[in-house]
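The next block holds one structure in the form of structure tokens; read it before the comments.
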Amino acid sequence: MEPLMEYFQRRYVLIADDNIDLATSLAILLKLVGFEVETVNNGRDVLTAATNRRPDVLLLDIGLPGLDGYQVARHFRNDDILKDVFIIAISGYSADMFSARSTPGDFDHYFTKPVDFNTLLPLLGKTA
Amino acid sequence: MNSSDDPQDDLAAILKDATRLAALARTGLLDSPAEPSFDRLARLAANFLGSPVALVSLVDAERQFFKSCIGLPEPWASRREAPLSHSFCKHVLATREPLVINDARLHPLVKDNPAIADLSVIAYLGIPLAVDDQVIGSFCVIDGNPRSWTDDEIALLRDLAESVITEIRLRSERDQLVRQGEELRETRSRLQFALKSARMGTWDWDLVTHVLAASDTCKSNHGLTSDEPFTYDGWAAAVLDIDRPAWRLAVAEAAAGNSDLNIEYRTRWPDGSVHWVCVQGSCLRDTTGRTVSMSGVSFNVDDRKQAEHDLQMLVEQLQEHDQQKNDFLATLAHELRNPLAAISNAVMLMSMSEAKEHRDYSTETIKRQSNHLSRLIDDLLDISRINLGKIELRREIIDATTILDSAAQTVGTLVEGRKHTLDVAIDRGNLWVDADPTRLEQVVVNLLTNAAKYSENGGRIQLSANREDDMIVIRVKDAGIGIAPEKLPEMFRLFNQIDHSSTRSEGGLGIGLAIVKQLVELHEGTITATSEGLGKGSEFTIRLPAATRPASTIPVPTKAIDVKEKTQVLVVDDNVDTVQGMAILLNLAGHEVLTAHDGPTAIAVARSCRPQVILLDLGLPGMSGYDVARHLREEQACKDALIVAVSGYGQEEDRHRTEAAGFDHHLVKPVSYDELFTLLSPTRPRY
């Protein structure tokens, strides 16, 4: 685990999900492997948090209250500072529905819940 | 030539020839009475040729029939027929030529004919009578003395025979005309009947004079009475504005002869009602090909249009239901994946970290999210039970105060988590209702949960209850996001929340309020929702019939059974993980645990160890839990053991079944450990 932790050190992941248990547990897991993590539970707070500190990776639930995941991603892509953030969509809906409704280029990756941590980690590694 | 050289053989065949007999029958002359027209011609022939006898003789298969017989002696004259044995006439059938006999006694064809003696036929002159190319008989004159027939005489009889044939033809044509007339009358009356029963009108439009003639039904199709005129302009005016351009185009195309007319349009009747009419017609042309008139039918198609409309509505409704179903399934998947994701994260965390805080956190998360999953499944089952009308209330006269307190407590964590304040203002002790406490609490919890979910953090939620006349009124009010006025009527509809135009903001299946409404209505109550609009909060009001407060509340005695603090428990389940999990927990709680994975083993263990409590899965392979329970009750050793059914099914009828099989209690999977430990405590309840 140690080299891995160094590898992820100081990389900042922002998790946005209105299921607090889900966001928190994922945050603990990512902290365990060395990430710096913050969680938010609605769309507006994503923008605030990201403006305060630019995340390297955004794990973004689609069905967020306030602004939904599609809108949040659009904001990021239109923002000079946030436009290159690696955005991973995470949703309980099927991949079909996601690809039908999302704008190409807004998201870098898509996962259907529950996300296998062992699949997520290598992807986060690639963003380093 | 014919197949035979003997003319007699040919004759026999010709006499019986079906085509010839049919042509004869068609004349309609056989066995018909004498007629002056035929008698006149026969008399003329007799007079001109100076013969005592003249006959119009028709030869069928067995006899010759005399349509006319002048000068024939009795009894033949009255009989008007003679057998073929006496027939001279039959011989013209074979030859199709005049038969000229000067002296029959010398003629090879007839010299042995009995008519010579019986009817004194000596001289004979016969002309074949042919109709439709078939010889049906002969026109003949007969003399009792030998004659020498001259060519002039033969020619004269030939001419007269032509007149007889003309007479026959005229007659058959007249018959045919009469028949056709009858058929026409019959067809017309059948058509009238059809038009009448189909309520079909007819119309006829002269394209030269522009006169339009319409039947009464056609007029009534357009809202006119039979004495009102029906003109082209009147017709156009009767057609609804919206349909008139199409109608004009179709009529013009048909009048030009380009196509048949076939159009449906709406008409407005003088009473203002609108009716559908279908009109079909086609053109008649003159010899130059110009269209001169158009005629056709009209009929009312209101019923069909209504049926089409109903069908269309039904199709749309079905499509909508289908869409709702698909949306619901997508939502369901979404709702199941969220807790599943949280649980799998927690499991992952437990496998990665030994730290106590991580263990505790994971355990809490799994517990919470498992509860959430159970609630989702409960909701799903409730909806299916509601759809099937299978919800059973366990009603009792109860003060709703306890129910409301309990509901407020249930949502406590959520309310605190969102930093809301919950004001409870209830008229304690005066809220007696006849209700199922569990179901009523479910209703109130649902409304309070909604209020908490749909309010910004730090909101104010009010729960109030009091008696108003004969009703107990419970209100849940919040200052949250509110409800758009157009959404208010749909609030209690199934799947109301599912809206594809936006992503979902709050979790849930969108069935909670539908369940709430059904439950309230099962209690003979009503529920209403009001909101000033979006962002202005909302209020839900439940009204239940008030019940009379009972004279005194009798405490329900519980049957106390002496169970030692430390209990020996036998856990029976074919799922090894389930057994192991239960065993660990029961051990932790200080109980002694025995295990079995099938019925026969369970019975053997029970027999030898005599456990006080048996937790028995119903769905065991082979020998079911019911069988095991029955068996154990019969065994002397386990007669007093507490046998608890553990089942995935928890409905009323399932509980009745286990009770009947001898179980003491019924637990539903996943087993609530609070409930289980209560059961194992000395003051546990029983059925």
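Laboratory data are not the source of any read-out in this text; all were calculated from the coordinates shown. In this text the structure is predicted, and so the values were computed from the model without any measurement. Note that each Cβ is placed from the backbone with ideal geometry, even for glycine, and that neighbours are counted across all protein chains shown.
Annotations for the structure displayed:
- For the range B:600-654, trypsin sites (Lys or Arg not before Pro) are listed when DSSP marks them as loop and at most 15 other Cβ atoms sit within 10 Å of their Cβ; the list is B:LYS639.
- Shielding by partners - mean other protein chain Cβ count within 10 Å, residues of A:23-33: 5
- Between the range B:528-543 and the range B:104-122, the C-alpha centres lie 124 angstrom from each other.
- Cα gyration tensor shape of the range B:172-225, rounded if a/c is under 1.5, else prolate or oblate by comparing a/b with b/c: oblate
- Label-to-label distance for B:SER672 and A:ARG10 is 5.3 nm, based on points extended 7 Å past Cα in the beta-carbon direction.
- Axis of helix A:43-52 versus longest Cα principal axis of chain A: the two differ by about 50°, to the nearest ten degrees.
- Selected from B:SER538, A:VAL72, B:LEU15, residue furthest toward positive end of dipole (the protein assembly as shown; charges at beta carbon): B:SER538
- Descending semi-axes in whole angstrom, ellipsoid equivalent of the protein assembly as shown, from the Cα gyration tensor: 106, 40, 31
- Neighbouring partner chain Cβ atoms per residue of A:61-70, average, 10 Å criterion: 4
- Taking chain B and dividing mean pair separation by its residue count, relative contact order in percent (alpha carbons under 8 Å, at least six apart): 6 percent
- Options A:THR103, B:ALA307, B:SER120, ranked by Cα towards positive dipole end of the protein assembly as shown, top entry (Cβ charges): A:THR103
- Residues whose amide H lies under 5 Å from that of B:VAL121, counting only those 5 or more places away or on a different chain, are B:ILE116; hydrogens are built 1.01 Å from N in the peptide plane.
- Computed over the protein assembly as shown, the per-residue total of -39500 (n - 2.57) for DSSP H runs of n ≥ 4 gives a 222 nm mean residue ellipticity of -14000 deg cm²/dmol, rounded to 500.
- Per DSSP, loop trypsin sites (Lys or Arg not before Pro) in the range B:32-128 with at most 13 further Cβ within 10 Å: B:ARG96, B:LYS111
- Length gained on full extension, B:LYS536 to B:ARG359: 59.4 nm, using 0.36 nm per residue less the C-alpha separation.
- Label-zone membership for the range B:363-396, site B:ASP434, 7 angstrom Cα→C-beta point, backbone N under 15 Å: B:393-396
- Angle between chain B longest axis and helix B:356-388 axis [Cα atoms, degrees, rounded to 10]: 30 degrees
- Per-peptide packing, taken as the mean over residues of other Cβ atoms within 10 Å, places B:579-590, B:433-444 in the sequence B:433-444, B:579-590 from highest down.
- Note on B:ARG394 and B:ASP206: their simple-model spin labels are 9.0 nm apart, each label 7 Å out from Cα toward Cβ.
- Computed from the C-beta positions of B:LYS16 and B:SER295, the FRET efficiency with R₀ = 41 Å rounds to 0.20.
- Relative protection proxy for B:408-418, B:344-354, from highest mean packing down: B:344-354, B:408-418 (other beta-carbon atoms within 10 angstrom).
- Label-point separation, B:GLU182 to B:ARG460 (7 Å along Cα→Cβ), nm: 10.0 nm
- Percentage relative contact order, the range B:30-168, counting C-alpha pairs under 8 Å, at least six apart: 25 percent
- What you get for chain B, charging only the Cβ of Lys and Arg (+1) and of Asp and Glu (-1), is a dipole of about 1260 debye around the Cα centre.
- For the residues of A:95-104, the average number of beta carbons from a partner chain within 10 Å of their own beta carbon is 1.
- Remark: relative contact order (the range A:86-128) = 49 percent; criterion is Cα-Cα distance under 8 angstrom and separation of 6 or more residues.
- Measuring against 20 Å, Cα to Cα, the residue pairs B:LYS67/B:LYS90; B:LYS453/B:LYS477; A:LYS83/A:LYS113; A:LYS113/B:LYS419; B:LYS477/B:LYS517; B:LYS419/B:LYS477 contain A:LYS83/A:LYS113; A:LYS113/B:LYS419 as the ones spanning a longer distance.
- The range B:279-340 and the range B:608-687 have Cα centres separated by 58 Å.
- Of the trypsin sites (Lys or Arg not before Pro) found in the range B:181-253, the ones in coil according to DSSP and having at most 16 other Cβ atoms within 10 Å of their Cβ are B:ARG199.
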